[in-house]
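What follows is a set of notes on a single structure, which appears directly below.
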Amino acid sequence: MALLQNMKRRHFLVAAAGTAATAASGVPAMAQDGNELPDYVAWKDANDLIVHSKQTLETRRAAQGAALITPSNDLYIRNNLPAPSDEIVADRDAWEISFEGVANPATMTLAQLKTMGVETVVSVLQCSGNGRAFFAHETSGTQWSVGAAGNVVWTGVPLRAVIDALGGENAELPWLTGTGGEEIPPGIDPTTVMVERSVPKEAIDQAILAWEMNGEPIPLAHGGPLRLIVPGYFGVNNVKYLKKLALTAEESPAKIQQSGYRLRAVGEKGNASQPSMFEMSVKSWITSPLMDTASGKVQIHGVAMGGTSAPSKIEVSVDGGETWTEAKFIGPDMGPYAWRPFVLIAELAAGDHVLASRATNAAGDSQPADFEPNERGYGNNGWRAHAVDVTVS
Ligand SMILES: Nc1nc2c(c(=O)[nH]1)N[C@H]1C(S)=C(S)[C@@H](COP(=O)(O)O)O[C@H]1N2
Ligand SMILES: [Mo]
C-alpha cells in the first residue's frame, strides 16, 4: 500500500498543473466539467476525471502525468450495462465461477481459486475507442481522447493453472469465452446486451483471473470480485464480474462479439468477418506540457505502451514530426504489457510548437503517422492525432 500511496503522491505532484478543487468530505464530488461523479464511483478523484455519462468516465490527460501506475481513483470507467449490485462484493470469497469446455467442468469459488496460484501482472487497460475523438469523421460512442486507458497492477491466479487443474482444455475448442455477471433486464434478448467476449484460446497462457487491482480487492466498478485479465488485449476482452469461462467451438453469439468491436471502413456495418478488437498496438502520447509554457528548458513527458510487446524506444518531436529526438523511459520496466512514462528535456524557443511522440515496441512496430479512419473510431494510435499544440512565450 505504502508504495501505491507514494505513487499516488508522486503522480499528484507531477499532475498538479493548476487546479485545486478536491472532493471535500460530505460534498458530492464534482469534476471540472461540472458533472457529479455517479454514486457507484463517488470514491474516485473527481478532479482528475471527465464525466461523459454515468457509465463512461475518462482520466484527464494532465492527470495521467508521468505516473508509473494509474491510481484506482483516477482510472477510467466503461460500462456497457449498469454495474451489478454491491451485494456481490459483500462476501467476495463466496463468488462462484463455472468452467466449461475443459476435461472436468466445475464451479469454483473465489476462495478456491486463491489456493491455486498467485501472480501479478502490470498491464494497460484501454478501451478500443480510446483516441476516437481525434478522428475527423463523425463517430458514435464516447468521444474519448487519451484517458480511456490506465496502467494497472493485477493480481490473481494464472488461468493456465486453473485449466490444468480441471484436466486441461478440450483441444477442439478454439475460443476462450468469458461471461460478465450483470443481470440482464427481463424481456430483452440477452444476446443484444450481455457482455460475453471470446478471444483466441492462445490467450490462456497470459490470462489471469484477478481479484486484486493496484494492491486492493478489485472495486465493484472495475469488475470485482473477479475479473478476466487478458494482458495486451483491448479493454472489452477483460470481462468484469466474471461468472463463467468456457472453451467454445464458436465465438459468443452476443452482439458485443458478433458485430460490436469490429474494425471496418467508415459507413460499413459490423459483422463477424471483420477483425475483432483483440490485441492492442504500440502507442504513446504526451501528457505535459499541454498548453502554454515559458521558453527555455522544458520537461516533455508522457506515456508509451507496446501493446503485446514492451515499448523499446520513444521519440519526441517539437516541430510536428519534422525531426525526432530519442527520449528516456523513467522508472522500472514493468513487463511487456505495461506502459512506461518517458521524459525529454528540450530547449523550447518562443513561438508555436507541435509536440508529438512516437513509440516503437520490442517486436519492431512503430506508431504510424495516421491510423486509418474506421466506422467506430477504434484503435487510433496515429502519432499525428495525438500531438499537442503548445504556445511558448
Ligand atoms: N462485465 C463487463 N465487463 C466489461 C465491460 C462491461 O460493461 N461489463 N466493459 C468492457 C469495456 S468496453 C471496457 S473498455 C473495460 C472497462 O473497464 P473499466 O470500467 O474497469 O475501466 O471493461 C470491459 N469489460
Ligand atoms: Mo471499451
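The values are calculated or read from the model by the stated rules, or taken from the named source; none is laboratory data. Nothing here was measured: the structure is a model prediction, and the numbers come from that model. Note that each Cβ is placed from the backbone with ideal geometry, even for glycine, and that neighbours are counted across all protein chains shown.
Points to keep in mind about this one:
- For first residues located in the range 327-348 and in contact (Cβ under 8 Å) with a residue 12 or more places away in the chain, partners that are in a loop (DSSP other than H, G, I, E, B) and of a type outside the set (G, A, S) and lie 6+ apart or on another chain with Cβ distances below 6 Å form the pairs G331/L68; Y337/P231; P341/I330; V343/I330; A346/V318.
- Scanning the range 246-303 for residues that are of a type in the set (D, E) and closer than 25 Å to I204 by Cβ yields E250, E251, E279.
- Selection of the range 81-109 for residues being assigned to a strand (DSSP E or B) and either touching a residue at least 40 places away in the same chain (Cβ under 8 Å) or surrounded by 18 or more Cβ atoms within 10 Å (Cβ to Cβ) (or both) yields E96, I97, S98, F99, E100, V102, A106, M108.
- Evaluated against (1) crowded, with 23+ Cβ neighbours inside 10 Å; (2) part of a strand (DSSP E or B), W383 falls short on exactly one condition, (2).
- Counted residues, the range 360-373 - those being surrounded by fewer than 22 Cβ atoms within 10 Å (Cβ to Cβ) and part of a loop (DSSP other than H, G, I, E, B): 9
- Filter pass, G150 being at pLDDT 95 or above, within 14 Å of ligand 1 (Cβ to nearest atom) and either crowded, with 22+ Cβ neighbours inside 10 Å or farther than 16 Å from L228 by Cβ (or both): yes
- Residue within the range 232-241 that is in contact (Cβ under 8 Å) with a residue 24 or more places away in the chain, farther than 20 Å from A148 by Cβ and in contact with a Ser or Thr (Cβ under 8 Å, 6 or more places away or on another chain) present: no
- Listed by position, the strands (runs of 3 or more DSSP E) contained in the range 288-353 that have at least 1 residues being touching a helix residue (DSSP H, G or I) at 6+ places or on another chain (Cβ under 7 Å) are 296-305.
- Single condition G65 does not satisfy, out of (1) outside the structural domain of G167 (by TED's automatic domain parsing); (2) in contact with a Ser or Thr (Cβ under 8 Å, 6 or more places away or on another chain); (3) away from ligand 1 (no atom under 16 Å from the Cβ); (4) at negative phi: (4)
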